[in-house]
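The values are calculated or read from the model by the stated rules, or taken from the named source; none is laboratory data. This structure is a prediction, so every number in the text was calculated from the model and none was measured. A quick note on method: Cβ atoms are made from the backbone with ideal geometry, for glycine too, and the neighbour counts reach across all protein chains shown. Side chains included, ligands, DNA and RNA excluded: accessible areas come from the protein's heavy atoms. Shrake-Rupley method; radii C 1.70, N 1.55, O 1.52, S 1.80 Å.
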Amino acid sequence: MKWFKVLFYLLSLWVLLMFIEGKRTRIRNENLYLTHLPKSFWERNIFFISDIHFRSIPNRLINKVKNKAELVIIGGDIMEENVPLERVRKNIRKLSEIGQVLFVWGNNDAETKECLQVLLEEEKVITLENSIFNWQINNEELKIAGLLDKEQRLNEAVLTDKKEKGIPILAVHDPAVLNQLSNPSVFEAVLSGHTHGGQIRLGRIGLREKGGWKSRRGVKLLISNGYGTTSLPLRWGAPAESHLITLKAKA
């Protein structure tokens, strides 16, 4: 009986720690080196956040990033079924304080696609739905593509006339999209989420791939652990995170 109580208290403590871990706010500082980066974009910052789900974005996160980043990319799953739309609106408005917000569709967003589409339009979010955004500074531009539509359909046709010059950055929700591309060399870097890093990991053991920078099919790939959680508001071994990405010219 004594060992049962000890085990119960240890398990309770572990669940509490996982709950606290699931609510933490982490901003990872990342450097992204790009070939032929226009001079106007040297040392510019992008804030990347994915898989917000049920979480509310606190002011302290925005205050840490405001006046540092100029562009925000949401890597999908800003919500899921049963998340109040007003919470989503508040999150978007907070992120808009940082800069222009770009968005790519996640698999959970598609559950409420009609309502979310209207909200995104009302809040002037630019949806990258098999399309390309031209980020312009001082008459120079940086192309950022987003693939998959709200039905999670991939359409590479939009890239056909861009193969020679290339597109520096691709934003997608699921990193597996990279495996579906017929010509991934169009891109230098891919920003993604979806896996939650496995959300609960025991060492190397997890249900899904842990986040971080990878090299896949000759492309730099960022898989974010994501900011929120799904099913259970718990994390272990796969810290919640968002990313302040500094663009640098590759020597």
Checking the structure you have, find out if any residue of the stretch 215-223 is over 25 Å from F54 (Cα atoms) and open to solvent by less than 40 Å² (accessible area, probe 1.4 Å).
yes
Out of all the residues in the stretch 155-179, which are more than 19 Å from E80 (Cβ to Cβ), in a loop (DSSP other than H, G, I, E, B) and of a type in the set (D, E)?
E164
Looking at (1) in a loop (DSSP other than H, G, I, E, B); (2) modelled with pLDDT of 95 or more; (3) within 24 Å of A176 (Cβ to Cβ), which is the only condition L102 fails?
(1)
Can you name the condition, by its number, that S182 falls short on among (1) within 19 Å of the chain's Cα centre (by Cα); (2) part of a loop (DSSP other than H, G, I, E, B)?
(1)
Kindly indicate whether any position in the stretch 78-88 is open to solvent by less than 30 Å² (accessible area, probe 1.4 Å), within 24 Å of R235 (Cβ to Cβ) and assigned to a helix (DSSP H, G or I).
yes
When both residues are 6+ apart or on different chains and their Cβ atoms are under 8 Å apart, which pairs have a first residue that lies in the stretch 203-220 and is within 22 Å of S242 (Cβ to Cβ), and a second that is hydroxyl-bearing (S, T, Y)?
R208/T195; E209/T195; K210/T195; G211/T195; G211/S224; V219/S185
Search the stretch 185-201 for residues being open to solvent by 20 Å² or more (accessible area, probe 1.4 Å) and either under 11 Å from V219 (Cα atoms) or part of a helix (DSSP H, G or I) (or both), and hand back the single one that is modelled with the lowest pLDDT.
S185
Verdict on T246 being outside any loop (DSSP other than H, G, I, E, B), β-branched (V, I, T) and open to solvent by 50 Å² or more (accessible area, probe 1.4 Å)
no
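Out of the residues in the stretch 105-127 meeting the condition of being open to solvent by 60 Å² or more (accessible area, probe 1.4 Å), over 26 Å from E70 (Cβ atoms) and assigned to a helix (DSSP H, G or I), tell me which one is modelled with the lowest pLDDT. Spell out the reasoning first.
Step one: list which residues in the stretch 105-127 are open to solvent by 60 Å² or more (accessible area, probe 1.4 Å), which gives 107, 111, 114-115, 118, 121-122, 124.
If we keep only those that are over 26 Å from E70 (Cβ atoms) as well, we get 107, 111, 114-115, 118.
Of the ones still in play, those that are also assigned to a helix (DSSP H, G or I) are 111, 114-115, 118.
Working: E111: 78, E114: 85, C115: 90, V118: 94.
The residue in question is E111.
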Within the stretch 1-42, count every residue that is β-branched (V, I, T) and either touching a helix residue (DSSP H, G or I) at 6+ places or on another chain (Cβ under 8 Å) or part of a loop (DSSP other than H, G, I, E, B) (or both).
3
Only one of N31, N59, N63 is without any contact (Cβ under 8 Å) to a residue 24 or more places away in the chain, over 14 Å from the mean Cα position of the chain (by Cα) and surrounded by fewer than 17 Cβ atoms within 10 Å (Cβ to Cβ). Can you tell me which?
N63
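Given the criterion open to solvent by 30 Å² or more (accessible area, probe 1.4 Å) and closer than 23 Å to R216 by Cβ, identify the matching residue among N155, N139, N130. Walk me through how you get there before you give the answer.
Values: N139 fails: closer than 23 Å to R216 by Cβ; N130 fails: open to solvent by 30 Å² or more (accessible area, probe 1.4 Å).
The match here is N155.
Condition test on A249, is it touching a residue at least 24 places away in the same chain (Cβ under 8 Å), over 26 Å from K66 (Cβ atoms), hydrophobic (A, V, I, L, M, F, W, C) and touching a His at 6+ places or on another chain (Cβ under 9 Å)?
Numbers: touching a residue at least 24 places away in the same chain (Cβ under 8 Å): yes; over 26 Å from K66 (Cβ atoms): no; hydrophobic (A, V, I, L, M, F, W, C): yes; touching a His at 6+ places or on another chain (Cβ under 9 Å): yes.
No: the conditions fail for A249.
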